[in-house]
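Asker: Sharing a structure with you now.
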Amino acid sequence: MRLEKIQDLLREKHISFDYTEEEGCGSIDFEYRGLSYHIWEYADGDGPCGVETNVANVGRTRELEGNYEEQVLEILRQF
């Protein structure tokens, strides 16, 4: 299971989501206040190295790397 802290926060906020995992990368899709959001891990080599997400700006996708799970959590805490 990947992106566990994000899943825990979404559950805590009572936001339903769909989680899938493929080739060691997690993917979360959810709706919040009528808008669709995604958090998709991607790999470049042996394991996940970042996420593509639109949680910061629903209309614009951006990539986060490094400590990406903490970066996404910081944004989601503002929901």
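Let's see how each residue does on (1) at pLDDT 95 or above; (2) surrounded by 12 or more Cβ atoms within 10 Å (Cβ to Cβ); (3) in a loop (DSSP other than H, G, I, E, B):
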residue: GLN7; (1), (2), (3): yes, yes, no
residue: ILE15; (1), (2), (3): yes, yes, yes
residue: THR20; (1), (2), (3): yes, no, no
residue: GLY26; (1), (2), (3): yes, yes, no
residue: ASP46; (1), (2), (3): no, no, yes
residue: ARG60; (1), (2), (3): no, no, yes
residue: GLN71; (1), (2), (3): yes, yes, no
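Asker: For PHE79, state whether it is touching a residue at least 40 places away in the same chain (Cβ under 8 Å) and open to solvent by 20 Å² or more (accessible area, probe 1.4 Å).
Answerer: Working: touching a residue at least 40 places away in the same chain (Cβ under 8 Å): yes; open to solvent by 20 Å² or more (accessible area, probe 1.4 Å): yes.
Taking the combined requirement at face value, the residue satisfies it.
Asker: What number of residues in region 40-73 are in contact with a helix residue (DSSP H, G or I) (Cβ under 7 Å, 6 or more places away or on another chain) and farther than 11 Å from ARG2 by Cα? Working first, answer last.
Answerer: Keep residues of region 40-73 that are in contact with a helix residue (DSSP H, G or I) (Cβ under 7 Å, 6 or more places away or on another chain), which gives 50-51, 53, 55-56, 64, 69, 72-73.
Cutting the leftovers down to farther than 11 Å from ARG2 by Cα gives us 50-51, 53, 55-56, 64, 72-73.
Going through region 40-73 one residue at a time, the tally reaches 8.
Asker: Considering region 28-44 alone, what residues qualify as being under 19 Å from LEU64 (Cα atoms) and either assigned to a strand (DSSP E or B) or open to solvent by less than 30 Å² (accessible area, probe 1.4 Å) (or both)?
Answerer: First pass over region 28-44, keeping only residues under 19 Å from LEU64 (Cα atoms): 28-30, 36-44.
Within region 28-44, ILE28, ASP29, PHE30, SER36, TYR37, HIS38, ILE39, TRP40, GLU41, TYR42, ALA43 meet the criteria.
Asker: Turning to a different aspect of this structure: List pairs: first in region 12-36 and free of Cβ contacts under 8 Å to residues at least 12 places away in the same chain, second in a helix (DSSP H, G or I) and open to solvent by 60 Å² or more (accessible area, probe 1.4 Å), Cβ under 6 Å, 6+ apart or cross-chain?
Answerer: Between residues of region 12-36 that are free of Cβ contacts under 8 Å to residues at least 12 places away in the same chain and residues that are in a helix (DSSP H, G or I) and open to solvent by 60 Å² or more (accessible area, probe 1.4 Å), there is no close pair.
Asker: Let me ask something else about it. Just to be sure before I move on: is VAL51 on the phi < 0 side of the Ramachandran plot, within 13 Å of the chain's Cα centre (by Cα), at pLDDT 95 or above and in a loop (DSSP other than H, G, I, E, B) in the structure I sent?
Answerer: Details: on the phi < 0 side of the Ramachandran plot: yes; within 13 Å of the chain's Cα centre (by Cα): yes; at pLDDT 95 or above: yes; in a loop (DSSP other than H, G, I, E, B): no.
No; evaluated as a whole, the condition is false for this residue.
The values are calculated or read from the model by the stated rules, or taken from the named source; none is laboratory data. Only a predicted model underlies this, so the values are computations on that prediction, with no experimental measurement involved. Virtual Cβ from ideal backbone geometry, glycine too; neighbours counted across all protein chains shown. Remember, those area values only see protein heavy atoms, side chains included, never the ligands or the DNA or RNA. Shrake-Rupley method; radii C 1.70, N 1.55, O 1.52, S 1.80 Å.
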